[in-house]
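Step one of this worksheet: look at the structure below.
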Amino acid sequence: MKTRKTFGRIIVEIVMVLASLLFLYPLFLAINNSFKSFGEVMRDVIALPKQIMFENYSYVWKFIDYPRLFTNNLVITVLGLAGIVFVSSIAAYKLARTKSRMSILIYMLCIMPMLIPFQSIMLSVVQLANQLNLSESTVGLGLLYWGFGAPLAVFIYHGFVKGIPKEIDESATIDGASGFRLYFAVIFPLLKSVTTTIIIIDVMWIWNDFLLPLLLVNGSPSTKTLTLAAYTFVGQYTSDWQYAMTAMVMAVLPSIVAFMFLQKYIVKGVVAGAVKG
Amino acid sequence: MFKFLGRKGNDKLEFGLFTIPVILCIAVAFYIPFFMTIRYSLMEWNGISSSPKFIGLENYKQIFMGDANFAQASWFTVKYAVLYIILVNVIAILLALLLNMKLKSTTWLRAAFFIPYILSLVIVGFIWKFIFMQGFESLGKSTGWGIFELSWLGDPNLAFISILLVSIWQSVGFYLVIYIAGLQSVPDDLKEAAVVDGAGPIRRFFNITLPLLAPSITISVFMALTNSIKVFDVILSLTAGGPGGTTYSVAYDIYRDTFQNNLFGYGTAKSIVLFVVVLIITVIQLTLFKRREVEA
């Protein structure tokens, strides 16, 4: 009985590992063909490259100005995140601590936009961004994310703050701290675990976001994001698959590297975000 | 802070300082655009002419009376959403059960199935387009299997399946980790007690594991529904609506009318319809969810 059970388990183990390799095979093919010449891609997609073409990478790197794109993504993501965390956490804290009709009303106003699909308002967002001079600028896009990310962040922070005993605020008030001083010295450090959750789900969203950048920063090469540049690049090189795949690999590489190092936190954050959200 | 305001005044000032920034941000991102959208939806406007014409509910009338594109896109989205929700959840639950057997490779397996979820959907669409167009040709040659010689992006029915498949491939890892977390909260002694009572694995699954997974299922179905109803990115890069305009979703149809055909008024009217549908579905779901919580 015992040996039959372990035998079964080994079979399941082998089948699952094979299934996972098959599951990742498309990604392998993308990487594989990014190292080939055009002729080799056309002849056989499965075969390994006969000669590794690093030239593909240097060509695409220069053509799409990779360092510039990477910096753009970084600016948008970091600015967006910093704002979402700051603006949402202070508001959620105050709203959770204040018992009044006004407070409930503002809280509802903050979380209701979660029901509005982005596609429903996208045209008006573009029009408004133009009027506010926020379009065609990485900083402008980063600022807009503050509002788009706030509803979920306020919701998650609000739920968490309710679990922090009020006595903590009170004892800090007696010690003479108040307002922002009290918040940043005493409360914000206690929010570390939810802040991590929010950072993880928002980084994955903003870094990979497509439609909002397409509508707002697609005008000039100097403001494009990685995904956006890869999208336009493939549009221009529809038949040059080796370059297209190189661009794809270069666009997803930062995410994959980050995932390798932070796997545990990312999975935990995603689960926590889903369960609370 | 300010002595002259008194305690009450100071509290109010602080309340304002803490909450006004978020109100401003959300107003700019959602509320102002939302009201602009409602106004646009009542107009005939190509985005270029400086004077949009007010036409009342004409746009809405046209959407429901005579828009074959919208009807087709709606049918596509409903079909896609139903199949996506069922398939992604069933596959994720099955995978989660296997991964929960405490295999030696669990960490690797979980990571492997999760990786596509961290990638941008547009890029995932392009990688798969390459696989369908070039990769399948080579795979067909080396295996001789007919399945690889079908036109996966060129035939309307197969293109639909392709979009479904790629969406599931990209996101199944997300649902998988939610179900794994759910399974880990099923107490072991409950399962052991059932084994002692002589319940087989299938009865154990349906009578113990599945009911205890209910919260995870609710979350996952909810997420799958909200995501699938807005499907856009993956279609854009995989089929661009083709072949013959058969794979437009509602969100893509709105994008086409607004930004490609420059029907600003008409496109926004459609987007309001999408909003109302999402609102109704969410309200229904939340009430069902609430009722179940009371029962439990």
- Note on the structure: Residue pairs within 9 Å by beta carbon, gap of at least six or interchain, first lying in the range A:63-88 and under 12 Å from A:THR223 (Cβ atoms) and more than 13 Å from chain B (Cβ to nearest Cβ), second hydroxyl-bearing (Ser, Thr, Tyr) and in a helix (DSSP H, G or I), listed first then second, are A:THR71/A:THR138; A:ASN72/A:THR138; A:VAL75/A:THR138; A:ILE76/A:THR138; A:ILE76/A:TYR145
- Task: Spot the failing condition for A:PHE54; the list is (1) touching a residue at least 12 places away in the same chain (Cβ under 8 Å); (2) within 13 Å of another protein chain (Cβ to nearest Cβ), and only one is missed.
- Result: (2)
- Query: Only one of (1) at pLDDT 95 or above; (2) over 30 Å from B:GLN170 (Cβ atoms) fails for B:ARG7. Which number is that?
  - Reply: (1)
- Here, helices (runs of 4 or more DSSP H) confined to the range B:214-255 with at least 1 residues that are farther than 16 Å from B:GLN170 by Cβ are B:214-228, B:250-255
- Task: Kindly check whether there is at least one residue in the range A:118-134 that is under 16 Å from B:ALA27 (Cα atoms), β-branched (Val, Ile, Thr), crowded, with 18+ Cβ neighbours inside 10 Å and at the interface with chain B (Cβ under 8 Å from one of its Cβ atoms).
- Result: yes
- Query: Any idea which residue in the range B:242-261 is farthest from the other protein chains (Cβ to nearest Cβ), counting only those that are under 18 Å from the mean Cα position of the chain (by Cα) and among the small types (Gly, Ala, Ser)?
  - Reply: B:SER249
- Message: Looking only at the range A:31-43, how many residues end up being under 22 Å from B:THR143 (Cα atoms) and surrounded by fewer than 18 Cβ atoms within 10 Å (Cβ to Cβ)?
- Response: 4
- Message: Quick check on the range A:255-271. Is at least one of its residues in contact with a Leu (Cβ under 7 Å, 6 or more places away or on another chain), within 30 Å of A:THR196 (Cβ to Cβ) and free of Cβ contacts under 8 Å to residues at least 40 places away in the same chain?
- Response: no
- Is there a residue in the range B:112-122 that is in contact with a helix residue (DSSP H, G or I) (Cβ under 8 Å, 6 or more places away or on another chain), assigned by TED's automatic domain parsing to the domain that holds B:PHE232, without any contact (Cβ under 8 Å) to a residue 40 or more places away in the chain and over 27 Å from A:LEU228 (Cα atoms)? no
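Could you say whether any residue in the range A:96-110 is of a type in the set (Phe, Trp, Tyr), within 8 Å of chain B (Cβ to nearest Cβ) and either more than 24 Å from the chain's Cα centre (by Cα) or assigned to a helix (DSSP H, G or I) (or both)?
Checking the range A:96-110: not a single residue is of a type in the set (Phe, Trp, Tyr), within 8 Å of chain B (Cβ to nearest Cβ) and either more than 24 Å from the chain's Cα centre (by Cα) or assigned to a helix (DSSP H, G or I) (or both).
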- Query: When B:LYS8 is evaluated against the numbered criteria (1) touching a residue at least 12 places away in the same chain (Cβ under 8 Å); (2) surrounded by fewer than 12 Cβ atoms within 10 Å (Cβ to Cβ); (3) within 14 Å of chain A (Cβ to nearest Cβ), which criterion, by number, is the only one it fails?
  - Reply: (1)
- Might you let me know whether the range B:140-149 holds any residue that is assigned by TED's automatic domain parsing to the domain that holds B:VAL78 and in contact with an Asp or Glu (Cβ under 7 Å, 6 or more places away or on another chain)? yes
- Quick one: what pairs do we get from the range A:205-227, first residue among the charged types (D, E, K, R), second surrounded by fewer than 17 Cβ atoms within 10 Å (Cβ to Cβ), C-beta under 8 Å, 6+ apart or different chains? A:LYS224/A:THR232
- Candidates B:ILE32, B:ILE63 - the one that is over 22 Å from the mean Cα position of the chain (by Cα) and at pLDDT below 90: B:ILE63
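The values are calculated or read from the model by the stated rules, or taken from the named source; none is laboratory data. Keep in mind the model is a prediction, meaning the values are calculated, not measured. Cβ sites come from the backbone with ideal geometry, for glycine too, and all protein chains shown count toward neighbours.
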